[in-house]
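*Asks:* Handing you this structure, nothing more for now.
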Amino acid sequence: MLAQAAPLTQAAAGFWSTLFLPTLPWWELVLRGIIVYLFLITLIRLTGRRQVGMLTPFDFILLLILSNAVQNSMNGGDNSLGGGLILAVTLVSLNWGMSFLARRSKSIEGLLIGRPIFLIRDGQLLERNLRAEKITHHELLAALRGAGCANIEQARHAILETNGSITVVRAETHSAR
């Protein structure tokens, strides 16, 4: 009877050790998390700005596939609970650190978050900025309609904010008295 209990005890011990103990060193998980985080921040920063609510189905699918694609490069095949928790703390800490740095330095803020971009300035459509920020005419016109402008001429400014939203300043209309 005791001979049968020993393998069960060993199996239970093996289960608990593989559940919590990472197979990779903790510092490697942290390093992998940092590298993937910085790579993705750079990649996403280069692809333009969009609010989560403004994601097209293609953008959403890309994010889902991208998260799956980088998962193994972060965990290095370590599927332990401990490894996942180490990565979670690493990613949340990096995000907090980036926010902290952006609040402390205007140059880092510009690099990480960006600056507002005029899409329409003084009533003139800035095509180059639309192309650079990957904003379609349909998206711009939808933002104008949302601000009560029927067309571009009714907007004095349209600004792509750092959070991906478009702010519209209506042109002043002077009524004849």
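*Asks:* What is the order of Asp122, Asp59, Asp78, fewest Cβ neighbours within 10 Å to most?
*Replies:* Final ranking by Cβ density, sparse to dense: Asp122, Asp59, Asp78.
*Asks:* Compute the FRET efficiency between Trp27 and Asn95 as 1/(1 + (r/R0)^6), taking r as their Cβ-Cβ distance and R0 = 25 Å, and round to the nearest 0.05.
*Replies:* 0.80
*Asks:* Now for a separate question. Counting Lys and Arg as +1 and Asp and Glu as -1, what is the net charge of the other residues whose Cβ lies under 13 Å from the Cβ of Leu38?
*Replies:* Surrounding charge for Leu38 is +2.
*Asks:* Can you check what the net charge comes to around Leu24, using other residues whose Cβ is under 11 Å from the Cβ of Leu24 (Lys, Arg +1; Asp, Glu -1)?
*Replies:* Residues close to Leu24 contribute a combined charge of -1.
*Asks:* Spin-label point model (7 Å from Cα, Cβ direction): what's the Ala147 to Ala171 distance in nm?
*Replies:* 1.3 nm
*Asks:* Between Phe58 and Ile108, how high is the FRET efficiency from 1/(1 + (r/R0)^6) when r is the Cβ-Cβ distance and R₀ = 25 Å? Nearest 0.05.
*Replies:* 0.25
*Asks:* Here's another thing I want to ask about it. Could you give the length gained on full extension between Leu126 and Ser67, defined as 0.36 nm per residue of separation minus the Cα-Cα distance, in nm?
*Replies:* Gain in length upon complete extension: 17.9 nm.
Since every read-out is calculated from the coordinates, none of them should be taken as a lab result. These numbers come from a predicted model, not from an experiment. Note: ideal-geometry Cβ built from the backbone for every residue, glycine included; neighbour counts use all protein chains shown.
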